[in-house]
Ligand code: PMP
């Protein structure tokens with residue numbers, strides 16, 4: 001993978017090689033960090049790089065930080081300005097992925113959240129697709145269960161919690177699948193390893209509510225709005241049973257990295273007729289237009305870097 005040239009580290013933009021922490025750092029030992037993932041899309045006609053919904057992303061990052069009792073000095077607006085400056089310094093003219101990471105920075109032994117120093121770093125890399133098979137993904141239902149809100153809150157993007165996602169993803173890929181869906185402790189579908197989930201049944205778009213141990217996805221939020229506003233679809237947030245996926249008409253994953261990934265098979269069973277469905281295709285197209293700043297109605301989602 002390509003490394004960044006620069007990073008925001010300890011309050012300034014420095015060469016990436018200078019953005020280093022010691023091995024005793026609390027976050028590295030105990031997973032006490034929270035992160036975000038923001039995409040910026042290059043728009044050729046306007047020669048502009050558009051960050052997608054950075055305000056929503058930074059608000060969520062600060063909420064995740066709050067769950068870990070972090071005190072960060074920056075507001076979401078400050079973090080957007082820092083991000084724009086970082087991307088301008090890199091001088092990108094391509095699609096990129098931005099990773100803010102807030103972490104317990106002390107070099108100290110002792111598991112806790114309080115009486116520690118919080119730092120934030122931000123770096124970015126050029127980025128294309130995350131799920132290689134994004135028009136035709138084959139998923140399984142993971143044998144792992146999703147972390148529960150009373151164990152580690154899934155609504156926070158907490159570094160340590162991503163061991164759960166890593167277990168899910170690796171076992172799925174080693175078994176030959178593109179991704180896995182994961183069940184809550186009481187057996188409903190929560191999400192993918194790093195994506196929210198949607199199914200279509202009889203023309204209605206259905207996704208689990210935020211109380212099903214999911215990350216409150218920004219892509220999820222965007223897709224719900226596009227489905228209602230642009231396609232006039234009914235969108236229902238309710239628990240989803242595992243076997244509903246076997247008999248639904250369409251199924252897709254959403255996430256900053258995964259964007260809208262069409263799922264066409266689950267556990268070797270075709271979804272619908274085994275091809276990407278029409279609603280998924282329309283939403284993918286709308287989303288692609290929106291993220292590149294090509295939909296006037298949604299221009300408030302796009303923040304220009306240059
Ligand atoms: N769920 C999990 C577990 C994730 O890691 C992600 C990726 N951030 C998502 C859902 C999708 O969230 P978003 O659309 O905000 O990227």
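The values are calculated or read from the model by the stated rules, or taken from the named source; none is laboratory data. Keep in mind the model is a prediction, meaning the values are calculated, not measured. No Cβ is skipped: glycine too gets one built from the backbone with ideal geometry, and neighbour counts run over all protein chains shown.
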Practice task
Take the stretch 55-107 and flag every residue that is more than 19 Å from residue 39 (Cα to Cα) and touching a helix residue (DSSP H, G or I) at 6+ places or on another chain (Cβ under 6 Å).
Solution key: 72, 103, 104, 106
Practice task
Answer yes if at least one residue in the stretch 53-71 is more than 15 Å from the chain's Cα centre (by Cα), modelled with pLDDT under 95 and part of a loop (DSSP other than H, G, I, E, B), and no otherwise.
Solution key: yes
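A quick yes/no check of all residues on (1) in contact with a strand residue (DSSP E or B) (Cβ under 8 Å, 6 or more places away or on another chain); (2) modelled with pLDDT of 95 or more; (3) part of a helix (DSSP H, G or I):
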| residue | (1), (2), (3) |
| --- | --- |
| 80 | yes, yes, yes |
| 85 | yes, yes, yes |
| 97 | yes, yes, no |
| 122 | yes, yes, no |
| 134 | yes, no, no |
| 138 | yes, yes, no |
| 165 | no, yes, yes |
Practice task
State all residues of the stretch 157-176 that are surrounded by 15 or more Cβ atoms within 10 Å (Cβ to Cβ) and closer than 22 Å to residue 28 by Cβ; if no residue qualifies, say none.
Solution key: 157, 158, 159, 160, 161, 162, 164, 165, 167, 169
Handout entry: Residue count, the stretch 30-49 (criterion: more than 17 Å from the chain's Cα centre (by Cα) and either at pLDDT below 95 or crowded, with 23+ Cβ neighbours inside 10 Å (or both))
Key = 2
Practice task
Could you please find all residues in the stretch 1-12 being surrounded by fewer than 19 Cβ atoms within 10 Å (Cβ to Cβ) and outside any loop (DSSP other than H, G, I, E, B)?
Solution key: 12
Exercise for the section: State whether the residues of the stretch 177-192 include one that is within 12 Å of the ligand (Cβ to nearest atom), exposed (fewer than 15 other Cβ atoms within 10 Å of the Cβ) and either touching a residue at least 40 places away in the same chain (Cβ under 8 Å) or within 17 Å of the chain's Cα centre (by Cα) (or both). Expected result: no
Handout entry: Yes/no for residue 128 being more than 19 Å from the chain's Cα centre (by Cα) and over 17 Å from residue 168 (Cβ atoms)
Key = no
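More than 16 Å from the ligand (Cβ to nearest atom) and buried (at least 22 other Cβ atoms within 10 Å of the Cβ), is that true of residue 75?
On the way: more than 16 Å from the ligand (Cβ to nearest atom): yes; buried (at least 22 other Cβ atoms within 10 Å of the Cβ): no.
No; evaluated as a whole, the condition is false for this residue.
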Problem - Residue list for the stretch 17-26, restricted to those being farther than 20 Å from residue 3 by Cβ and either in the same structural domain as residue 215 (by TED's automatic domain parsing) or crowded, with 19+ Cβ neighbours inside 10 Å (or both) - result: 26
Exercise for the section: Quick one: in the stretch 132-155, of everything that is within 12 Å of the ligand (Cβ to nearest atom) and surrounded by 21 or more Cβ atoms within 10 Å (Cβ to Cβ), which residue is farthest from residue 25 (Cα to Cα)? Expected result: 146
